Structure formats: structure tokens, C-alpha cells
Amino acid sequence: MDPALVLAASTEITAAALAGDDPDAVLPLVVRRAVALAEADLGLAMVTGDDGTLTVEASSGDDDPVGIVLSSRSSAARAARTGVPVVADDVTTDPRTAPFVPKALRGYGPFAVAPFGTKERRIGALAVYRRKGAVPFAGGTVDVLAAFAAQAGLAVVLAEGSTARQRIAVYEERERIARDLHDVIIQRLYATGVQLELLNRRLRLEGREAERLAGVVDQLDQTMAEVRATVRALRSADPGRPGDADLRGSVVAEARTAGELLGFEPEVRVDGDLADVPPELADHARAALREALSNVVRHSGASHVEIGVVRDAGRLLLRVADDGCGIPRGVARRGLRHLEERALAAGGGCEVSSSPRTGTTISWHVPLRSG
């Protein structure tokens, strides 16, 4: 699945829900988008009953099985109950699914189902099918289907008009989804972009091939920017969102991604309480760390990297140091300029120390306003 298409579909559904559309009108839209994203032949939105069975409330495809009931022992019911997606190459032969396939669905083979709703308001399940003999659903498709089902389920919950207590739970779910988008999708896109640039350096492509590869990298950058915008939109609904676990977790996640590309894990140290770091500054810090580590991966040839985050009474300091070759002459410093621009925009600064003998150290800092 294309992450940009997932974001567009999620945004459309959220907009429809927040516009006050009836949940019954939102469900068909959810199913249509799920079918398009998964390149499926049939999609079903199923609602859990008091007895654990699932009733098909909306569908999209040539068949219209709305109203059929699936057993509480079916894979779809199990996914709705446990929160764990299920995938099968053939729904009619897989022993986990075959005993519970209704007659109306026996013409289908590849099958995937994800829980639909939030942790506090489990609506049911969102399933997609392909005709018998079609290519099974890939693991990546199932992962993104699960993320889409969670976001779409959240939109339906909003459309139902939750109480104030339920809305608190919704905010928490928005944060979880935002964190998943950041820590999973952005990390994978970022790693792919870096690997493409490293490949370009090794192959030394020129002319049209180099331009084509650069265009692909630019598209990845644009998609990451769109994901970050969606994450900010999800988080902006909860102005009281705590920042500590998220910012600290982001530092660890960025280090882990860089480690996969470097072949060793950077050393990470966090000093001070990050809980009251404003969300806007935390976002700047995440982006600055990613840019700094990107420079390390692309250019340094380092064998050791240290990441330090310090929060004291008046400022937030980010330090990334490596023992590599320094910043080579002629290398574009666009990423370093972005670091400086982010720091200056927040009233801070960024210093870079680099030489072939000592490696490179980037110190990025912003003030923390009191009160």
C-alpha cells in the first residue's frame, strides 16, 4: 500500500466523521477505501454483537453480503476480540478460517481482517477479500490495513458522538495511532530513502538514471512530510498530551533505525525530565535528530556514534557525535542548513564541529520557556 494513499483515505474519512456525518453513512466509505488500498475484490465492515458474533453492516464489491452473520469463533470475530489481524492465502482451505466461511463468501480466496475501532470502543472488524486464485495479501499490506482500520474506526467513534469520558480515550487512541505512524511508517520510508542514496553513491549514476533516482528520493521525502503533517493533526486535538515518553521513545526509535543502516547501534543517553517539553519543540527535536543521523549514515563512515539529549532548567540540548571522516568537501550541506533553520526558528542555535581526525559533532539547542 502507498502510505500517501493511506493518509489521503484516512483524512477523507476523518473529515466526513468530524463533519457530523451519520456513522452508518461513514461505514460504506471506510469499506470502499479499504478495498481500493488493498487492491481487493470485496471489503466488509462488521460490527460485534453482544454474543460475540459479527454482522456485516457495509460492503464494497460485486457481491452484497450485508446482513450476514459470522460466528463468534470465526477469524474475524477473533481479530475483533483480540486486536490481532489475521491473514490467510485461501479463506476456504485455511484450517483457521474454513469452518466459518458463509456460503456467500466461498467464491473468495485471499483474506485479511483487522480489528476495527479503538481499544475502549471495539466496533468489530474490517475485512478484505480477493477472488479465488488471486495473489495473497502481502504482510506489508496487512500491517497498513490494520493501521487504516484503527484510524477509520476512530473516525467512526467520533461520528457516534462520544461522551466527555470517551473523548479522553479517543485522544489517547489518536496519540497511539500517531506514534505508530511516526515510529513505523516514517522510519521505514526514511531508511528506504537513505539506502537509495547510498546505492546512488556506490553506483555513481549519471544523467537520466541519476535524475530518476533523485526523483524517487524526493517523493519519499514528500510522503514523510505528509505523514508528519497527519501526525501533528492527530496530536493537536489533545493540547494536554504529555511529551516525555513520546520524545524519549522517538530518540530510541531514530537510533534504532540509524543502527540498522550503520551496522551498529548508536549509544543513547537522555538526561533530565522531558515531560514538560512543549510538543512543538519536541517535534523540532525529532526532525533535527533525524537530519543529524541521516548525515552520519550518508557521509561519515563512522564506527561509533553517540546521541545525547539533555533537558535542564532553561533549554533542550541535542548532541550527535561520530568518529567518522568528517564532512567531506563538496558535500551538499542542505541537511545542516535545515538543522540551523529549525533551531533559529525556535530561538536557539546549532553548532557543527568537523574534521577528518576527530569526526563530526552537531550540537543543537533551543530554549525552554518557563511558565
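Normalised Debye scattering of the stretch 107-156 at q = 0.23, 0.24, 0.25 Å⁻¹ gives log10 I(q)/I(0) of -0.78, -0.82, -0.86, counting only Cα atoms as equal scatterers and leaving out solvent. Treating r as the C-beta distance of Ala134 and Thr82 and R0 as 22 Å, the FRET efficiency rounds to 0.25. Projected label points at Val217 and Glu351, each 7 Å from Cα along the beta carbon direction, are separated by 3.0 nanometres.
Near the amide H of Ile123, within less than 5 Å, lie the amide hydrogens of Phe116, Gly117, Thr118, all on another chain or at least 5 residues away, with H placed in the peptide plane. Protection proxy ranking of 213-219, 41-47, by the mean of other Cβ atoms within 10 Å over each peptide's residues and highest first, is 41-47, 213-219.
Once C-alpha pairs closer than 8 Å and six or more residues apart are averaged by separation and normalised to the residue number of the stretch 253-371, the relative contact order reads 26 percent.
Rule-based calculations on the coordinates, nothing more; no lab input. The model shown is predicted, which means the values in this text are computed figures rather than measured ones. Because the Cβ atoms are built from the backbone with ideal geometry, glycine has one as well, and the counts that use them run over all protein chains shown.
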